[in-house]
1. 222 nm [θ] for the chain, helices only, -39500 (n - 2.57) per DSSP H run of 4+, per residue, to 500?
2. Show which aspartates and glutamates lie in cross-link reach of Lys54 when reach means a straight Cα distance below 20 angstrom and same-chain residues fewer than eight apart are skipped.
3. Heavy-atom accessible area per residue, segment 1-83, 1.4 Å probe: how many Å²?
4. Hey, can you rank 67-73, 41-47 by average C-beta count inside 10 Å, highest first?
5. Looking at segment 44-97, what % of the alpha carbon pairs are farther apart than 14 Å?
6. With θ set to phi - 60° and the Karplus curve 6.51 cos²θ - 1.76 cosθ + 1.60, what are the ³J(HN,Hα) couplings of segment 30-45 in order, to the nearest whole Hz, using x for Gly and Pro?
7. Lysines near Lys26 by alpha-carbon distance under 20 Å, same-chain residues fewer than 8 away left out - which ones?
8. How large is log10 I(q)/I(0) at q = 0.21, 0.23 Å⁻¹ when the Debye formula is applied to the Cα atoms of the chain, each weighted equally and without solvent?
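The values are calculated or read from the model by the stated rules, or taken from the named source; none is laboratory data. Every value quoted in this text rests on a predicted model; they were computed, and no experiment measured them. Positions of Cβ are generated from backbone atoms using ideal geometry, with glycine treated the same way; all protein chains shown enter the neighbour counts. With ligands, DNA and RNA removed, areas are computed over all heavy atoms of the protein, side chains included. Shrake-Rupley method; radii C 1.70, N 1.55, O 1.52, S 1.80 Å.
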Amino acid sequence: MRPEQFLTYLKELLPNARTFAETGEKKYPFGMVIPRPSGEDRWQVIGQLSPAEKHDTPAPATTGTPTEGPPPPDTAPAPVWLAATLTTAAHPEIAAITVWPTTSGLTIDYHNGAKTFVRAL
């Protein structure tokens, strides 16, 4: 899943979320602002193609067993909350989600070998 596809998916999953383009943010090409009870979380989204992909061809959708887990508590730290939200949604392209241990972000691994890196701003 490429960054623009991931942002579309997040907008479907979280209807109150806004892309950086919608907020006028121009510093980062891909990003999302997600409102939560504790305030807004701002995320930069960076994609890594699978080994077989090229930028000039459409991304192949490869599905498999999705990640699964409980819904996130509203009070969870932002990366834990986002990871749990994505895990609960059980998208069939997502193979694994890893919260970064030392910085605020997460890595999303897809069944086709691609990755999305989501970094808090």
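1. -6500 deg cm²/dmol
2. Glu4, Glu93, Asp109
3. Details: 4940 Å² over 83 residues.
Dividing the accessible area of segment 1-83 by its residue count gives 60 Å².
4. Working: 67-73: 12.4, 41-47: 19.7.
Packing order, densest peptide first, comes out as 41-47, 67-73.
5. Details: 892 of 1431 pairs.
I get 62 percent for the Cα pairs in segment 44-97 exceeding 14 Å.
6. Computed from phi, the couplings for segment 30-45 are 10, x, 9, 10, 10, x, 9, x, 7, x, 9, 9, 10, 10, 8, 10 Hz.
7. Lys11
8. Calculated log10 I(q)/I(0) at the listed q: -1.30, -1.53.
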